[in-house]
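*Asks:* The following block contains the structure, expressed as structure tokens.
The values are calculated or read from the model by the stated rules, or taken from the named source; none is laboratory data. Source: prediction; values computed, not measured. Cβ sites come from the backbone with ideal geometry, for glycine too, and all protein chains shown count toward neighbours. Quick note on the areas: whole protein, heavy atoms, side chains included, nothing else; ligands and nucleic acids left out. Shrake-Rupley method; radii C 1.70, N 1.55, O 1.52, S 1.80 Å.
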Amino acid sequence: MSMPRIAVIGAGIAGLHAATTLQGRGFDVTVLEKARQPGGRITTISLGGVPIDVGAEYVTNAHTHTTTALRRLGLEHQLRPVPLDIALYDHSTPQRVPLPAWFAGRHLGLPAKLGLARAYLTVLRHRRDLSFADMHRAHHLDTATVAEMFPNWAADTVEHLLHPMMRTFLFSSPHHTSRATMLCYLKLLLGLRSVRVLTGGLQQLPQRLAEQLPVRLGHEVREVTENEDGTYRLHVAHAQGRYELAADAVLCATTASTAARILTPLDATTRGFLATVPYASAAVLNCALDRTINSPARWVMNTSPADPDLAIMRIIPGTPEHAGDILTLWSPGGRAGSELCDLDDEQAFQRLAAQARQAGPAFDLRQAMRSRHVHRWPEALPQFPVGHLRRVHAMTRTLTGRLALAGDYLAGQNVEAAITSSIRAANQLTRTLRPRGNPA
Ligand SMILES: Cc1cc2nc3c(=O)[nH]c(=O)nc-3n(C[C@H](O)[C@H](O)[C@H](O)COP(=O)(O)OP(=O)(O)OC[C@H]3O[C@@H](n4cnc5c(N)ncnc54)[C@H](O)[C@@H]3O)c2cc1C
């Protein structure tokens, strides 16, 4: 008896992890990926011979599924810790303040510290429902923004702590993000013991997964239609032309906007929701320099509203093989991120480099630059405004059958959440296609 055919759309980490799980359960899986390489938002480039992650990079101790996947692929030993070495730059008082001094010093006054302590009490109260990798479990807390969580007397917590952190790490703002999301990340911070990167770049993870799967690179799914017998037809375009692929089930692991566009069998409510999931855009500039930068910390977070295009800069120290530092500049999301994504490389470089000059290197970047790379992410991270997690929660309870969804927009803006969503989607299809089987 032939096994049911499952088409997986998207070879990002969610699609590849789901495909690996389903293939391991004996299904006949085909992965279709529109790009020429697997990985999606896990992308490693080479700059002057040094591998640099321009998308996801950091793996914490709470990335448990991610670490398991790396271990199974023999990559875990390449994880190496990065010191949490962050300083803050405040344009109005031009000085770099190391993070511990910032917490202790005048930048964060007593009311702000009390506000933060109050938020942590909320985390402790709801800790069982808070997971940075499965956020819709906190749907009942999805009733106010992060900013609304704090009373006026603690407004400094929002402006001087949460705002710079959220624009840096989530490309978002406390005024547009659900407090449920922030509480999940605060719990992550409470239990944070290690932050690691993969030597050689995190894209080795999707690359290795893809090597063990039938992945068709450069094949874009334009539309999915349903046949009368409940099976599906995928309309695929690639460099040599178009074709149709028949499948008994479909797992769509693209961003929400693409899922809304191509999945015609979905009901109008679900498609309408997917079409409105907001994404932040962001740009990342990497410069290989011929010299080292004198900085109090490896990361310098910009807390100054006067420099709206720069969220954080990071220095990768040179090595004996590659003398000179590599400087990475990340934009925030919002208007600055969108504008930078629309600029050409030179314009984006000029805007980011001008603001980095205030916060970082005391020399002209252009003169010290051996090479550079600008990466644009038009859909960098899904944003979770108030109501998003409640809608995801309602949707995941109604999503059954042969059409499954996976992706970070369903669980949290990170690799671990993308994998969590993929496990749920793979289990849904396993239950449907093997009604009496055990999905585990
Ligand atoms: C700058 C940046 C830094 C980040 N840093 C971290 C970090 O340090 N740690 C962390 O955990 N997370 C981080 N993230 C988040 C993480 O990258 C994402 O949450 C995760 O990779 C999302 O995976 P995904 O599979 O859901 O989506 P994606 O990676 O977007 O995969 C979707 C795939 O579908 C493909 N596709 C789209 N449309 C079609 C179509 N019609 N047909 C076929 N294929 C299609 C796309 O090409 C893509 O490959 C970061 C993200 C960014 C942008």
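*Asks:* Would you look at the GNM of the chain, springs on alpha carbons closer than 10 Å, and say which of GLN37, GLN367, GLN212 moves the most?
*Replies:* Among GLN37, GLN367, GLN212, the largest GNM mean-square fluctuation belongs to GLN367.
*Asks:* Of the listed peptides 141-150, 178-187, 193-202, 252-261, what is their order by residue-averaged count of other C-beta atoms within 10 Å, with the highest listed first?
*Replies:* Values: 141-150: 19.6, 178-187: 24.8, 193-202: 17.0, 252-261: 22.9.
Peptide ranking by packing, descending: 178-187, 252-261, 141-150, 193-202.
*Asks:* In whole percent, what relative contact order does the chain give with Cα contacts below 8 Å and a gap of six or more residues? It would help to have the intermediate numbers written out before the result.
*Replies:* Values: 931 pairs, mean separation 105.1, N = 440.
Relative contact order comes out at 24 percent.
*Asks:* So if each residue of separation counts as 0.36 nm, and I subtract the Cα-Cα distance between THR292 and ALA117, what length gain in nm does that give?
*Replies:* In short, 59.1 nm is gained.
*Asks:* Okay, next question. Quick check for you: which residues of the range 20-52 have the amide N under 16 Å from the point 7 Å beyond the Cα of ALA239 toward its beta carbon?
*Replies:* 33-38
*Asks:* Suppose a student asked you for the relative contact order of the range 106-190, using Cα pairs under 8 Å spaced at least 6 residues apart; what percent would you report? Please list the in-between numbers first.
*Replies:* Numbers: 99 pairs, mean separation 36.7, N = 85.
Computed over the range 106-190, the figure is 43 percent.
*Asks:* Report, for the range 1-88, the % of DSSP beta bridges that are antiparallel, rounded to 5.
*Replies:* Numbers: 4 of 10 bridges.
The answer is about 40 percent antiparallel.
*Asks:* What percent does the relative contact order of the range 279-382 come to when contacts are Cα pairs within less than 8 Å and at least six residues apart? Show your work: numbers first, answer last.
*Replies:* Numbers: 208 pairs, mean separation 46.9, N = 104.
Contact order relative to length: 45 percent.
*Asks:* Using a Gaussian network for the chain with springs between C-alpha atoms less than 10 Å apart, which of these wobbles most: LEU188, LEU429, LEU73?
*Replies:* LEU73
*Asks:* Hey, any idea what % of the chain's accessible area is carbon plus sulfur with a 1.4 Å probe? Write out the running numbers ahead of the final one.
*Replies:* Details: 9830 of 18850 Å².
Carbon with sulfur: 52 percent of the solvent-accessible area.
*Asks:* Another one. Quick check for you: with a 1.4 Å probe and neighbouring chains kept, what is the accessible area per residue of the chain, in Å²?
*Replies:* Details: 18850 Å² over 440 residues.
Using a 1.4 Å probe on heavy atoms only, each residue of the chain averages 43 Å².
*Asks:* Amide H neighbours of ASN302 under 5 Å, at least 5 residues apart or on other chains, H built in the peptide plane: list them.
*Replies:* The list, which skips near neighbours in sequence, is TYR89, ILE312, MET313.
*Asks:* Say each of MET369 and ARG335 gets a label point 7 Å from the Cα, pointing the same way as Cα to Cβ; how far apart are those two points in nm?
*Replies:* Those two pseudo-labels are separated by 2.5 nm.
*Asks:* Counting only the backbone N, which residues of the range 143-186 are under 16 Å from the spot 7 Å out from the Cα of ARG127 toward its beta-carbon?
*Replies:* 183-186
*Asks:* For the range 279-382, give the magnitude of the charge dipole about the Cα centre (Cβ charges: +1 Lys/Arg, -1 Asp/Glu; no others), in debye to the nearest 20.
*Replies:* On the way: 10 positive and 12 negative charges, 54 e Å.
The calculation lands at about 260 debye.
*Asks:* A further question on this structure: May I ask for the Rg/Rh ratio of the range 1-155, computed from Cα atoms with Rh as the Kirkwood radius, given to two decimals?
*Replies:* On the way: Rg = 21.9 Å, Rh = 20.4 Å.
Reported Rg/Rh (Cα atoms, Kirkwood Rh): 1.07.
*Asks:* Which residue fluctuates most in the GNM of the chain (Cα springs below 10 Å): ARG402, ARG167, ARG72?
*Replies:* Checking each option, the largest mean-square fluctuation is seen for ARG72.
*Asks:* Sticking with the crude label model, points 7 Å out along Cα→Cβ, report the distance from ALA306 to GLU148 in nm, one decimal please.
*Replies:* Distance between the two pseudo-spin positions: 3.4 nm.
*Asks:* Ignoring everything except DSSP H segments at least 4 long, calculate the 222 nm mean residue ellipticity for the chain; use -39,500 (n - 2.57) per segment, divide by total residues, nearest 500.
*Replies:* On the way: 15 runs with 147 residues, N = 440.
Result for the chain: -9500 deg cm²/dmol, rounded to the nearest 500.
*Asks:* Set Lys and Arg Cβ to +1 and Asp and Glu Cβ to -1, take the dipole of the chain about its Cα centre, and tell me which of GLN204, ALA368, LEU217 lies farthest positive.
*Replies:* GLN204
*Asks:* To continue, here is another question. If each of GLN350 and LEU192 carries a label point 7 Å out from its Cα toward its Cβ, how far apart are those two points in nm?
*Replies:* Each label point is offset 7 Å from its Cα along the Cβ direction, giving 3.6 nm.
*Asks:* Stretched out fully, how many nm does the piece from GLU226 to ASP267 gain, at 0.36 nm a residue minus the Cα gap?
*Replies:* Working it through step by step, the gained length comes to 13.5 nm.
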